[in-house]
Ligand code: NAD
């Protein structure tokens, strides 16, 4: 069993760290909010008082932080200079590809292996240990990270070299945003055309219009069991998080001169939705704005 330093014990990080405790590891956690450290301690882990104490003499460091600037700062100022030889580094935060590559390069220069391993599956997946991990890094780093990722997730995919985990995450979420808006437009139009949405679902769920956004997460309530629309758009995955990821995908598109006109439109629509005060509701709630009800 390993000794693990886990930094960032928020909505995702805390249940992920608890799953590592359940797997039998010694898990030391640090979060800027002391309450989160206490919650880890209550679940059998230990709360560290600083990042440096958290990563001292550990076999593995896992980070689950809000965004790129947090990851960059925490690694360069408080992690990389405080590690024992051979410590493996896994960053599970969703951040931009360039920062992921830069931090991994800094780690490599000091002799440490690192993978970017962003997740999909949300807080329910984090709690149930069924997350999907998209992993970027060298084969050897992936091989070392995999057993730990399997204790927090169900599907572990090695996407390629450093930064490709983040690339996969932003490409996937750009598709999801576009698909979801497509579902919202079609279902809202069906309502106006006098077509029963249950009938549209029965037809399109078995036709070429089908997508995950429809058959797992339909923005119209009562059609799919797992959808946030059934619980008045309580998240789930917030509109603010979707807007963050669309910002990452549009920035990446600009950097590599990729044409993403629908990604740009999705970003604009989610920005408008969030600006109207809907940042903390589920992203599929954008159907209300598309219906003209927001
Ligand atoms: P969160 O805001 O709940 O948690 C982030 C935690 O990091 C907070 O508890 C905060 O106090 C802590 N933190 C910030 N700076 C810190 C520092 N310097 N040192 C220690 N702790 C620090 O966010 P979350 O929902 O857990 O998301 C974490 C990451 O996972 C984000 O990058 C997000 O985009 C990604 N993600 C979230 C979801 C989701 O459904 N919530 C799904 C997939 C991916």
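Quick look at the values:
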read-out: Options 95, 90, 79; residue that is touching a strand residue (DSSP E or B) at 6+ places or on another chain (Cβ under 9 Å) and assigned to a loop (DSSP other than H, G, I, E, B); value: 95
read-out: Qualifying residue in segment 228-242 (condition: more than 30 Å from residue 61 (Cβ to Cβ), away from the ligand (no atom under 16 Å from the Cβ) and free of Cβ contacts under 8 Å to residues at least 24 places away in the same chain); value: yes
read-out: Evaluation of residue 163 against (1) more than 11 Å from the ligand (Cβ to nearest atom); (2) in contact (Cβ under 8 Å) with a residue 60 or more places away in the chain; (3) closer than 28 Å to residue 49 by Cβ (one fails), failing number; value: (3)
read-out: Meets criteria (within 17 Å of residue 8 (Cβ to Cβ), buried (at least 17 other Cβ atoms within 10 Å of the Cβ) and either without any contact (Cβ under 8 Å) to a residue 40 or more places away in the chain or more than 15 Å from the ligand (Cβ to nearest atom) (or both)) for residue 82; value: yes
read-out: Residues that are surrounded by fewer than 16 Cβ atoms within 10 Å (Cβ to Cβ), within 19 Å of residue 105 (Cα to Cα) and either within 8 Å of the ligand (Cβ to nearest atom) or outside the structural domain of residue 92 (by TED's automatic domain parsing) (or both), drawn from segment 57-79; value: 67, 73
read-out: Within segment 116-133, tally of residues that are touching a residue at least 60 places away in the same chain (Cβ under 8 Å), near the ligand (Cβ under 9 Å from one of its atoms) and outside any strand (DSSP E or B); value: 3
read-out: Among (1) crowded, with 22+ Cβ neighbours inside 10 Å; (2) more than 20 Å from the chain's Cα centre (by Cα); (3) not in a helix (DSSP H, G or I) - the single one residue 217 does not satisfy; value: (2)
read-out: Residue among 145, 198 that is in the same structural domain as residue 285 (by TED's automatic domain parsing), away from the ligand (no atom under 13 Å from the Cβ) and either in contact with a strand residue (DSSP E or B) (Cβ under 6 Å, 6 or more places away or on another chain) or touching a residue at least 24 places away in the same chain (Cβ under 8 Å) (or both); value: 198
read-out: Residue among 199, 192 that is over 25 Å from the mean Cα position of the chain (by Cα), closer than 26 Å to residue 266 by Cα, surrounded by fewer than 16 Cβ atoms within 10 Å (Cβ to Cβ) and modelled with pLDDT of 95 or more; value: 192
read-out: Selected residue (criterion: surrounded by the most Cβ atoms within 10 Å (Cβ to Cβ)) from residues of segment 41-56 that are touching a strand residue (DSSP E or B) at 6+ places or on another chain (Cβ under 7 Å) and under 23 Å from residue 146 (Cα atoms); value: 55
read-out: Residue tally, condition closer than 19 Å to residue 151 by Cβ and more than 10 Å from the ligand (Cβ to nearest atom), over segment 7-38; value: 12
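The values are calculated or read from the model by the stated rules, or taken from the named source; none is laboratory data. The shown structure was predicted, so the numbers you read here are calculated from the model rather than taken from an experiment. Virtual Cβ from ideal backbone geometry, glycine too; neighbours counted across all protein chains shown.
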